[in-house]
1. Among residues belonging to segment 38-58 that are of a type outside the set (Asp, Glu) and in contact with a strand residue (DSSP E or B) (Cβ under 7 Å, 6 or more places away or on another chain), point out the one that is farthest from residue 6 (Cα to Cα).
2. Does segment 69-84 contain any residue that is modelled with pLDDT of 85 or more, assigned to a helix (DSSP H, G or I) and surrounded by 10 or more Cβ atoms within 10 Å (Cβ to Cβ)?
3. Filtering segment 1-11 down to residues that are in contact (Cβ under 8 Å) with a residue 24 or more places away in the chain and exposed (fewer than 14 other Cβ atoms within 10 Å of the Cβ), which residue is nearest to residue 55 (Cα to Cα)?
4. Condition first: surrounded by 10 or more Cβ atoms within 10 Å (Cβ to Cβ) and polar (S, T, N, Q). Now tell me which residues in segment 12-67 satisfy that.
5. I'm checking my understanding of the structure. Among residues of segment 22-35 that are at pLDDT 80 or above and assigned to a helix (DSSP H, G or I), which one is farthest from residue 7 (Cα to Cα)?
Amino acid sequence: MISAHGGGFLPSYAPRSDYACEVSPINCTVQIEDAADRILKKLYYDALVFTPEALRHIVAQVGASQLMLAPITRFRGRSIRSTRSSKPRP
C-alpha cells in the first residue's frame, strides 16, 4: 500500500496511537497484530512533500527504503503545470 504525500499525519501519530492503546487498552476495541509504528514501516510513502524537514521526518519515522516517487502528472484532467495558470477554471 502506498500513502500519498508523505503519509499525511500517519508517520507523526503512530507513537501516539501506540501510547493510547498502552495506557487505555479498554478503548482499543480492535485487536491489531502489531504496534502502529511497526505497521507503518511496512507501508510505502510518496516522497512528494513540501519541505526538506518533512522528508527528513518521514525517513526518521519509517526509513528511506519505504519512500518512493509517485508519478503525479494529472489533476482534474489537466497537467499540474496548467493548474498554476491564472485563467479561471470552466
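The values are calculated or read from the model by the stated rules, or taken from the named source; none is laboratory data. Bear in mind the structure is a predicted one, so any value in this text is a computation, not a measurement. A quick note on method: Cβ atoms are made from the backbone with ideal geometry, for glycine too, and the neighbour counts reach across all protein chains shown.
1. Filtering segment 38-58 for residues that are of a type outside the set (Asp, Glu) and in contact with a strand residue (DSSP E or B) (Cβ under 7 Å, 6 or more places away or on another chain), the one farthest from residue 6 (Cα to Cα) comes out as 43.
2. Within segment 69-84, not a single residue is modelled with pLDDT of 85 or more, assigned to a helix (DSSP H, G or I) and surrounded by 10 or more Cβ atoms within 10 Å (Cβ to Cβ).
3. Filtering first and then ranking leaves 4.
4. 12, 17, 61, 66
5. Among those residues, the one meeting the criterion is 26.
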